[in-house]
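Written out below as structure tokens is the structure these notes cover.
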Amino acid sequence: MTPVVEVRGLRVRFGEVEAVAGVDLKAYPGYSTALLGRNGAGKSTTMRVLAGVVPPTDGDVRVKGIDVRREPLAIKRRVGYCPDVGGLVPRATPWEHLQLAARLRRIPDWEPRARELLERFELGDVAHRVTSGFSHGMGRRLSVVLAALHEPDVLLLDEPFDGVDPIGVEATLDVIADARARGACILVSTHLRELAVEACSSVTVLRGGSRVATLTARDMAGEEGARAYRALLD
Amino acid sequence: MPTGLSSTELPRILALERRAVADLGHLLRFRAATASRRRTLLIGSAFLALTLAATVVPAYLPGAGAPGAGRARDALTLLPAAFAGFQLLSLVAAIASGGGRELVSREQLVAYPVSPTTDHLGALLLAPLSVAWLLQSWALLGTAAFGLGPARTAAAAVGVLLWIAAATAIAQAAAWSVEGVRRLPHGIAVVRVGALLLGVLAAWLQLTGRLGPLLDALPTRWFVVGLVDGANGRWVLTVAAELALLLVAVVLGAIPAHLCARLAPREEHDVDSALHLPRPMPRSAWAMLVRIDRASVWRAVPVRRGLLILSVGPGVVAVAGALTWPQLVLLPGLVASGGALLFAVNAWCLDGRGGLWRESLPIGPRAVFTARAWVCLEFLAVASAITVGIGCLRAGVPDAREATAVLAGWLVVLGQVLSASLRWAQARPYPVDLHTARSTPAPPMAMVAYSSRLALTTTLTSLIFSTLARDGTPVVTIAVAVVLGAWSALRLRRTAVAWVDPVIRARVVTAAAL
């Protein structure tokens, strides 16, 4: 099977700090891959590179065969991205966010799906209020809605479960399952191992900006998985 | 029911206030640690040098301190009104910013037991970090020095400096009180009606010719009289009264600050909970970008408040002072500079943490840049248009030379301010959420640096066009405008080209999203 996401020797430097130090990664259509690791492991920076937000310092990053460095706009058309921090314009409403996404992504007849997603994530009542008044969990839920609106080929969810209530977690798991069912490639960055196992088919563990292992979700499940994960982090 | 402080309560309150003062030191050290030492030293030295120059140099100018009728006498005659003007400016600035600036933002301090007294003292310390405050202070010191001459300047300067400090503290106390009223039920309406009534009263005084006699009868005259004859008994009495005013205002200001801290900021909550009904999808992607950017600007409490004060205030002054067209040329630059300091100098902070998501959307960086530049430009243009619109009410119909100079000067300063703001916004992005009335788009020292540079550039440019409005020809004015405008356009283009670089864009977006 041809990988949708192919990362080889990815390095990202911010001045003196090397945030990603040689990550290799492959992700396939119809599968969801979890990126696990401690804070500062390079998960979010890798996601930002895949979303076309941060350019790689070195290495080869391709999404559906497109080089992220050469054609970032083409990548952005195919990717749906939920950033790790906020990800919302403070004084715009959810509906305005959705309008912006729909307009820039040229999504035809987007409103029914937008309404359905807002209802599924229980955000229908606040669709026309500015997001600065939102709780952290509400913001996370809306970020997932925005990432999933255009049914992208690649869904990048960075910490989508962080501070989200059980209904929001369930809705996010449903979005991931739907994306898998239609053959999308999903990458979920999180430090919540149990949810990663529930949401994904494989798990890649990052440490100190590098990949240390790729395992099946089953290998990371339960007490055995917890021990294995712990061993990979130390 | 308790009727006063018990013998055990007073020592407890004093201990808490001592702790609040000590906390101010901690916050100052924290703030200093995050600022560049070299930059702080440079700005501090420049501030001291300019203050010293404003106090000493005018005393040695020709005609300074000359007895009898003359410019020195005129300066002294104007000094009581200037004292009152400084008080008014401090009041407006402190009230507009909802109690003054924050030494460290409320969001960052929310987990710490920081007393409102610390917040009050911090806001007082930051009040001088504004070009308007500095220019007015230097003008007061310079006017006193010129009016009195070298022999009596030193004693008078002590009194003027104390007046500046006392007026700032009084303004701070009044601002906390007004902010307290704003936070009560219907408080916003009460404050707005109050401001309107004051405006009507001022207009009535002006139109009925009562403003002049009122200015002559101001209590500030008592302070000026006490400072003009050197260090004698009356001087001691005056300085003691100023010192007492200062201390009382600083101490009493803490009371409304505490009361404010117990009340929810109503205006911010109104913005957070307001319903914005959906509008039809705009025809183009660029129009959609502009719509989102406009929402970010016009829904921000500090920006809306700032615009009102910034544009209406100078316009009213222009009408009251019956400014002529060559004098009106100076106003758009002043207002545009102030407008830029409300958000444009850190324009990418408008997206906050949403910048990361916006950057993942499939649209070219040029469109994003031009949309942001357009929204900044229209804000600056609206602010200065209001001022010019009010100011021209008494200026009569301009002739061709004046009209050309005003329009050309206006366009040039708009270009200068826009170009500088977006350049700085790209070079030094700060993670700021303009959520509260007290928010500023950059840290205090950066704001001083920005405001000084903007004030200097736009004032010099406006002076050129003011001269052209009196003595130039429309052709010369347009030629000058084309040259100056082209320079700003070139610098703006350089910034736009740099924005296309994904490394620069990633740095700005991630810094603003922290």
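Every number in this text was worked out from the coordinates using simple rules, so none of it is lab data. Everything numeric in this text was worked out from a predicted model, so none of it was measured. Cβ sites come from the backbone with ideal geometry, for glycine too, and all protein chains shown count toward neighbours.
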(request) Search the stretch A:98-125 for residues being touching a Gly at 6+ places or on another chain (Cβ under 8 Å) and touching a residue at least 40 places away in the same chain (Cβ under 8 Å), and hand back the single one that is nearest to the other protein chains (Cβ to nearest Cβ). (result) A:Phe121
(message) Restricting to the stretch A:68-92, count the residues that are in contact with a strand residue (DSSP E or B) (Cβ under 7 Å, 6 or more places away or on another chain) and outside any loop (DSSP other than H, G, I, E, B).
(response) 7
(message) Of all residues being assigned to a loop (DSSP other than H, G, I, E, B) and in contact with a Phe, Trp or Tyr (Cβ under 8 Å, 6 or more places away or on another chain) in the stretch B:77-115, which is surrounded by the most Cβ atoms within 10 Å (Cβ to Cβ)? Just the residue, please.
(response) B:Gly99
(request) Quick one: in the stretch A:1-38, of everything that is part of a strand (DSSP E or B) and of a type in the set (Gly, Ala, Ser), which residue is surrounded by the fewest Cβ atoms within 10 Å (Cβ to Cβ)? (result) A:Gly9
(message) One residue is enough: does the stretch B:422-435 have a residue meeting the conditions charged (D, E, K, R), out of contact with any Pro (no Cβ under 8 Å at 6 or more places or on another chain), in contact (Cβ under 8 Å) with a residue 60 or more places away in the chain and assigned to a helix (DSSP H, G or I)?
(response) yes
(message) Looking only at helices (runs of 4 or more DSSP H) that lie completely in the stretch B:264-331, which have at least 2 residues being touching a residue at least 12 places away in the same chain (Cβ under 8 Å) and at the interface with chain A (Cβ under 8 Å from one of its Cβ atoms)?
(response) B:285-298
(request) Could you list, in sequence order, all residues of the stretch B:346-357 that are touching a Gly at 6+ places or on another chain (Cβ under 9 Å) and either without any contact (Cβ under 8 Å) to a residue 24 or more places away in the chain or within 7 Å of chain A (Cβ to nearest Cβ) (or both)? (result) B:Gly352, B:Arg353, B:Gly354, B:Leu356, B:Trp357
(request) Return only the number of the condition from (1) touching a helix residue (DSSP H, G or I) at 6+ places or on another chain (Cβ under 6 Å); (2) surrounded by fewer than 19 Cβ atoms within 10 Å (Cβ to Cβ); (3) at negative phi that B:Gly63 does not satisfy. (result) (3)
(request) Go through (1) surrounded by 18 or more Cβ atoms within 10 Å (Cβ to Cβ); (2) within 13 Å of chain B (Cβ to nearest Cβ) one by one and return the number of the condition A:Gly168 breaks. (result) (2)
(request) Kindly provide the set of residues from the stretch B:459-479 that are touching a Leu at 6+ places or on another chain (Cβ under 7 Å) and crowded, with 19+ Cβ neighbours inside 10 Å, ordered by number. (result) B:Thr461, B:Ser462, B:Ser466, B:Thr477
(message) Out of everything in the stretch B:485-514 that is surrounded by 20 or more Cβ atoms within 10 Å (Cβ to Cβ) and more than 18 Å from A:Val54 (Cα to Cα), what residue ends up being farthest from the other protein chains (Cβ to nearest Cβ)?
(response) B:Ser488
(request) Kindly indicate whether any position in the stretch A:45-59 is facing chain B (nearest Cβ under 10 Å), more than 18 Å from the chain's Cα centre (by Cα), touching a residue at least 12 places away in the same chain (Cβ under 8 Å) and outside any helix (DSSP H, G or I). (result) yes
(message) Looking only at the stretch A:66-84, filter to residues that are of a type outside the set (D, E, K, R) and free of Cβ contacts under 8 Å to residues at least 24 places away in the same chain; which one of those is surrounded by the most Cβ atoms within 10 Å (Cβ to Cβ)?
(response) A:Val68
(request) Tell me which residues, restricted to the stretch A:39-53, are out of contact with any strand residue (DSSP E or B) (no Cβ under 7 Å at 6 or more places or on another chain) and either surrounded by fewer than 24 Cβ atoms within 10 Å (Cβ to Cβ) or of a type in the set (Phe, Trp, Tyr) (or both). (result) A:Asn39, A:Gly40
